[in-house]
1. Modelled label-to-label distance, Val46 and Gln32, 7 Å Cα→beta-carbon offset: nm?
2. What FRET efficiency would be calculated for the residue pair Ile17, Val70, taking the C-beta separation as r and a Förster radius of 25 Å, to the nearest 0.05?
3. What is the Cα radius of gyration of the chain over 2.2 N^0.38 Å, N being its residue count?
4. So how much slack lies between His8 and Asp84, counting 0.36 nm per residue of separation and subtracting their Cα-Cα distance, in nm?
5. Assign one of three labels to segment 1-53, namely rounded, prolate or oblate, based on the Cα gyration tensor with a ≥ b ≥ c the square roots of its eigenvalues; rounded applies when a/c is under 1.5, prolate when it is not and a/b is larger than b/c, and oblate otherwise.
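Only the coordinates and a few stated rules stand behind these numbers; no lab work does. Treat the numbers as computed from the prediction; the structure is a model and nothing was measured. No Cβ is skipped: glycine too gets one built from the backbone with ideal geometry, and neighbour counts run over all protein chains shown.
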Amino acid sequence: MLPDVWTHGVRHAFVAIGDNAVRLRVGETLLQQGFQLINAVHPSSVVARSVRIGAGTMIGAHAVVNPATVIGSHVSVNTAASVDHDGRA
């Protein structure tokens, strides 16, 4: 289906799969096919300005990500989770 979606002008994607290994595999496949992965950050989450977030990452409702944290690609910071300052996820 991905080539068909591409021909219809879709260039951005988000992988909403709970299984970490499958989400990583699908995300990497999308990148290889030229799609840009977007992030999904819930409006009730609190994310410090100095946080760096990789592609295809989800930050859930009421999650808190404190300053100087690095969140990798294809990561899920689930509902009400907290990642402390200078953390890595």
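1. Once both label points are built, they end up 4.1 nm from each other.
2. On the way: r = 22 Å, r/R0 = 0.90.
My answer for the efficiency is 0.65.
3. Working: Rg = 13.9 Å, N = 89, 2.2 N^0.38 = 12.1 Å.
Normalised by 2.2 N^0.38 Å, the Cα Rg of the chain equals 1.15.
4. Here the segment from His8 to Asp84 would lengthen by 23.2 nm.
5. prolate
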